[in-house]
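Enquirer: Structure below; questions to follow.
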Amino acid sequence: MKGREQSVNAMQLMLSWMPALTAFVLPLHPRLSAISLLIWSLLALPYALLTTKPRVDGVTQNPLREWIGVGSVLYFVVLAVGMLWTHDMEMGWFALEVKSSMWLMPLLFYIQHTYVLGRVWVKRAIRAFVIGLALYMVYRTGFAVATPGEMTWRYDGLAGPFHPTYMAAYLLIGMLIYPSDWKGKKIFLIVASLFMGLLASKAGWIIGGIILVWRFAATRWMKKKWEAAWVFACVFLLIGAFMGDAGRMGELLKHVPTQSPTAITESLVEGIPEVLTSPQSGSTAGRLQAWSASWELLKGHPLGVGTGDVTDELMVVYQDRNAGYALKKRMNPHSAYWQIAVTSGWLGLLVMLLWWGGALFQAYRFKAYRMQLFILIILLNGIFESIFELQQGVVAWTFVGLMIHAMDVRED
């Protein structure tokens with residue numbers, strides 16, 4: 001009996017560090033988080049079975065977690081149902097494997113909240129995530145210094161194993177959850193903003209600018225004081241964007257609509273063929289082609305084309321419409337909204353909107369300010385990227401959402 005109690009206590013101690021380990025490795029390399037989750041699972045599931053006295057507290061009962069966690073599980077269920085009419089079963093099973101953390105992560109956090117005593121693991125996770133981001137920036141800077149070539153200082157050369165847009169979102173989230181009582185926050189804000197600019201993700205520029213300006217304005221409005229750090233963050237974001245641009249902003253501006261609002265709406269809704277056959281190239285042109293092709297597929301498949309068939313079906317549309325750039329790059333819908341709509345139809349899109357819309361509403365009700373900003377980052381990034389297709393997105397958004405929830409919630 002004593003031996004069992006000692007084993008349980010040892011497992012509980014290790015579990016108290018697992019969120020921190022996951023948070024730490026998350027911004028270092030995409031594959032490391034998979035290893036951390038495996039270790040966490042091997043500890044958590046036996047621990048829950050061995051422990052006879054679960055701890056139920058205000059955290060467990062807060063409905064905010066239900067939107068983040070249950071919504072994630074429902075999203076996975078919708079994708080699993082899409083396997084019923086998919087043709088490429090191998091690709092479908094691979095998609096479900098990549099997204100398995102959507103049901104695993106809420107389960108792990110449920111065990112963490114219910115059985116692991118204390119709240120110290122939440123603070124450890126927040127600190128570990130910020131430290132991981134700092135080490136990532138130090139490492140990539142050192143790599144750029146040691147490696148000749150301009151490309152190592154911008155875009156995917158600087159991002160390393162991560163997609164530049166995902167890393168820009170990581171850095172932005174890190175700036176928002178960095179506790180104000182920690183030393184070095186101003187330095188972190190400035191360096192992270194400069195990195196966001198150098199990453200040369202157009203989505204990162206736009207979303208980062210919106211959130212940083214909003215954060216500065218909210219501080220001024222709520223605290224009635226100016227915080228120069230957020231001003232410097234905005235300035236260094238612009239400096240980094242200028243240094244890492246290399247024509248990317250110009251390529252974006254070519255596609256800024258000049259028509260009337262009615263004409264723009266018709267273009268988006270009807271999927272005008274001219275968008276698909278546009279001779280212009282570049283990632284912005286490719287996105288427009290992918291979005292238009294996605295609308296074409298959704299009109300013909302209101303239940304979606306199936307979990308494993310999205311890219312293959314898009315290739316057919318690209319080929320038919322001579323959408324050269326999207327065809328060459330084998331582009332997915334490049335939007336979380338179009339991705340789930342093409343995969344699982346209108347029902348899938350509704351589930352995703354309920355997932356994040358419900359979480360945003362609950363965050364507003366509970367005055368969970370950091371959660372509101374996090375969800376806004378997710379919703380905006382979802383416009384420009386299929387953020388639930390890569391593991392570095394699936395794991396990060398679910399884990400960080402649940403981590404911020406644990407940080408914001410108050411014990412009853």
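The values are calculated or read from the model by the stated rules, or taken from the named source; none is laboratory data. These numbers were taken from a predicted model, which means no experiment stands behind them. When we count neighbours, we look across all protein chains shown, and the Cβ atoms used for this are built from the backbone with ideal geometry, even at glycine. SASA here: full protein model, heavy atoms, side chains in, ligands and nucleic acids out. Shrake-Rupley method; radii C 1.70, N 1.55, O 1.52, S 1.80 Å.
Enquirer: Note down all Cβ pairs under 7 Å where the first residue falls in region 388-405 and is on the phi < 0 side of the Ramachandran plot and open to solvent by 10 Å² or more (accessible area, probe 1.4 Å), the second is in a helix (DSSP H, G or I) and polar (S, T, N, Q), and they're at least six residues apart or on different chains.
Expert: Short answer, once both residue conditions are applied: GLU389/GLN339.
Enquirer: With (1) surrounded by fewer than 20 Cβ atoms within 10 Å (Cβ to Cβ); (2) assigned to a loop (DSSP other than H, G, I, E, B) as the list, and CYS234 as the residue in question, which single condition is left unmet?
Expert: (2)
Okay, residues lined up against (1) over 30 Å from ARG287 (Cα atoms); (2) of a type in the set (Val, Ile, Thr); (3) in a helix (DSSP H, G or I):
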residue	(1), (2), (3)
GLY132	yes, no, yes
PHE162	no, no, no
LEU176	no, no, yes
ALA200	no, no, no
ALA203	no, no, yes
ILE210	no, yes, yes
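Enquirer: Could I ask something else about it? Inside region 178-194, can you point out the residues that are farther than 14 Å from ILE131 by Cβ, open to solvent by 100 Å² or more (accessible area, probe 1.4 Å) and assigned to a helix (DSSP H, G or I)?
Expert: Residue satisfying the conditions is LYS186 alone.
Enquirer: Looking at region 165-176, is at least one residue modelled with pLDDT of 95 or more, within 23 Å of the chain's Cα centre (by Cα), loosely packed, with under 15 Cβ neighbours inside 10 Å and among the aliphatic types (A, V, I, L, M)?
Expert: no
Enquirer: Which residue pairs have Cβ atoms under 7 Å apart, sit 6 or more places apart or on different chains, and have a first residue in region 86-98 that is in a helix (DSSP H, G or I) and a second that is of a type in the set (A, V, I, L, M, F, W, C)?
Expert: Partner pairs satisfying both residue conditions: GLY92/MET83; ALA95/LEU79; LEU96/LEU79; LEU96/ALA80; VAL98/VAL394.
Enquirer: Ok, one more. Restricting attention to helices (runs of 4 or more DSSP H) lying wholly within region 259-312, give those where 1 or more residues are modelled with pLDDT of 85 or more.
Expert: Filter on region 259-312 gives 283-300.
Enquirer: Now, a different point. Working only within region 99-121, note down all residues that are open to solvent by less than 10 Å² (accessible area, probe 1.4 Å) and assigned to a helix (DSSP H, G or I).
Expert: SER101, MET102, MET105, LEU108, PHE109, ILE111, GLN112, HIS113, THR114, TRP121 - these are the residues of region 99-121 that are open to solvent by less than 10 Å² (accessible area, probe 1.4 Å) and assigned to a helix (DSSP H, G or I).
Enquirer: Select from region 17-52 the residues that are over 20 Å from the mean Cα position of the chain (by Cα), open to solvent by 70 Å² or more (accessible area, probe 1.4 Å) and over 18 Å from ARG124 (Cα atoms) and list them in ascending order.
Expert: LEU38, LEU42, LEU45, LEU49, THR52
Enquirer: Considering region 364-379 alone, what residues qualify as being outside any helix (DSSP H, G or I) and either in contact (Cβ under 8 Å) with a residue 24 or more places away in the chain or of a type in the set (A, V, I, L, M, F, W, C) (or both)?
Expert: PHE366, ALA368 - these are the residues of region 364-379 that are outside any helix (DSSP H, G or I) and either in contact (Cβ under 8 Å) with a residue 24 or more places away in the chain or of a type in the set (A, V, I, L, M, F, W, C) (or both).
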